[in-house]
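Peer 1: First the structure, then my questions, so here it is.
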Amino acid sequence: MALPSRVFRVNIQLADIDRGVYESIQATVAQHPSETEERLIARLLALAIFSEPELIFTKGLSASDEPDLWVIGPDGKPRFWVEVGLPDGDRIMKASRHAARVALLAFGRALSNWEQQHLARLARIANLIVVSIDQEFITTLASLLQRSINWSITISGGTLYLTVAGDTHETTVQIRTGAF
């Protein structure tokens, strides 16, 4: 028998001063049985960092031909494609041909190796932004994960401040290539 997905209720109060985005984000997100807590946290952070109207979670790991988040245009084609993790460079290149904008929240213990292998080639893609977040920040948030997620996030001067359960954690949102 297959393991069921875990469902999380998410409430994020977002103040992205750098981009002038201020909103309250409510979502329900499922954690695939094979998905780690760190990857789930990265998807939630990507929702906040790249926040814009109509950005939604996809089927994720259940659909290998879809990103983690996207905005679908009225024509049914992706306008904004958002990945998390350390995907193959070819996947990102293909996405850049199909979507008007592509974003990647790169994270993981092998980030420096991934950058050496893929970043120079990906830097030539005009409609791509790659940002990274410190792995320890994600690991810390994963250790605090509860089924009801209530975060307050402020992004200012390239620093992300996240308050959960009265404690504030911070990390740098490093732009590796591209621009918002």
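Peer 1: Only one of (1) out of contact with any Asp or Glu (no Cβ under 9 Å at 6 or more places or on another chain); (2) surrounded by 17 or more Cβ atoms within 10 Å (Cβ to Cβ) is not met by residue 32, so which one is it?
Peer 2: (2)
Peer 1: Please work out if residue 160 is at pLDDT 95 or above and within 27 Å of residue 123 (Cα to Cα). Steps first, please.
Peer 2: Details: at pLDDT 95 or above: yes; within 27 Å of residue 123 (Cα to Cα): yes.
In short, yes.
Peer 1: Let me confirm something: among 136, 170, which residue is exposed (fewer than 14 other Cβ atoms within 10 Å of the Cβ) and in contact with a helix residue (DSSP H, G or I) (Cβ under 9 Å, 6 or more places away or on another chain)?
Peer 2: Details: 136 fails: in contact with a helix residue (DSSP H, G or I) (Cβ under 9 Å, 6 or more places away or on another chain).
Every option except 170 fails the conditions.
Peer 1: Report yes if some residue within the range 61-73 is under 28 Å from residue 4 (Cβ atoms) and in a helix (DSSP H, G or I); otherwise report no.
Peer 2: Checked the range 61-73: at least one residue is under 28 Å from residue 4 (Cβ atoms) and in a helix (DSSP H, G or I).
Peer 1: Next question. Being charged (D, E, K, R) and within 15 Å of residue 83 (Cα to Cα) is the requirement here; does residue 9 meet it? Quick ask: steps written out before the conclusion?
Peer 2: Values: charged (D, E, K, R): yes; within 15 Å of residue 83 (Cα to Cα): no.
Here the answer is no, as residue 9 does not meet what is asked.
Peer 1: Could I ask something else about it? Condition test on residue 108, is it out of contact with any strand residue (DSSP E or B) (no Cβ under 7 Å at 6 or more places or on another chain), crowded, with 16+ Cβ neighbours inside 10 Å and at positive phi? Explain how you work it out, then say what you get.
Peer 2: Working: out of contact with any strand residue (DSSP E or B) (no Cβ under 7 Å at 6 or more places or on another chain): yes; crowded, with 16+ Cβ neighbours inside 10 Å: yes; at positive phi: yes.
Judged against the criteria, residue 108 is a match.
The rows are residues; the columns are (1) more than 23 Å from residue 141 (Cβ to Cβ); (2) free of Cβ contacts under 8 Å to residues at least 60 places away in the same chain; (3) of a type in the set (Gly, Ala, Ser).
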{"site": "44", "(1), (2), (3)": "no, no, no"}
{"site": "56", "(1), (2), (3)": "no, yes, no"}
{"site": "77", "(1), (2), (3)": "yes, yes, no"}
{"site": "83", "(1), (2), (3)": "no, yes, no"}
{"site": "86", "(1), (2), (3)": "no, yes, no"}
{"site": "98", "(1), (2), (3)": "yes, yes, no"}
{"site": "105", "(1), (2), (3)": "no, no, no"}
{"site": "114", "(1), (2), (3)": "no, yes, no"}
{"site": "123", "(1), (2), (3)": "yes, yes, yes"}
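Peer 1: Scan the range 102-114 residue by residue and report those that are more than 14 Å from the chain's Cα centre (by Cα) and modelled with pLDDT of 95 or more.
Peer 2: Within the range 102-114, 110, 111, 112, 113, 114 qualify.
Peer 1: Now for a separate question. List pairs: first residue in the range 6-25 and within 18 Å of residue 174 (Cα to Cα), second residue among the aliphatic types (A, V, I, L, M) anywhere in the structure, Cβ distance under 6 angstrom, at least six positions apart or on different chains.
Peer 2: So the pair list comes out as 16/155; 18/155.
Peer 1: Step by step: first the residues of the range 141-178, then only those that are among the hydroxyl-bearing types (Ser, Thr, Tyr) and out of contact with any strand residue (DSSP E or B) (no Cβ under 6 Å at 6 or more places or on another chain), then the one that is nearest to residue 42 (Cα to Cα). Which residue is that? Break it down stepwise before answering.
Peer 2: Of the range 141-178, the ones among the hydroxyl-bearing types (Ser, Thr, Tyr) are 143, 148, 152, 154, 156, 159, 161, 163, 168, 171-172, 177.
Of the ones still in play, those that are also out of contact with any strand residue (DSSP E or B) (no Cβ under 6 Å at 6 or more places or on another chain) are 143, 156.
On the way: 143: 13, 156: 19 Å.
The extreme case among them is 143.
Peer 1: Tell me, which residue of the range 152-161 that is touching a residue at least 40 places away in the same chain (Cβ under 8 Å) and part of a strand (DSSP E or B) is farthest from residue 137 (Cα to Cα)? Lay out the reasoning, then the answer.
Peer 2: Step one: list which residues in the range 152-161 are touching a residue at least 40 places away in the same chain (Cβ under 8 Å), which gives 152-158, 160.
Next cut, part of a strand (DSSP E or B) only: 152-156, 160.
Working: 152: 15, 153: 13, 154: 15, 155: 15, 156: 17, 160: 10 Å.
Selected residue: 156.
The values are calculated or read from the model by the stated rules, or taken from the named source; none is laboratory data. Note that this is a predicted model, so its numbers are computed, not measured. No Cβ is skipped: glycine too gets one built from the backbone with ideal geometry, and neighbour counts run over all protein chains shown.
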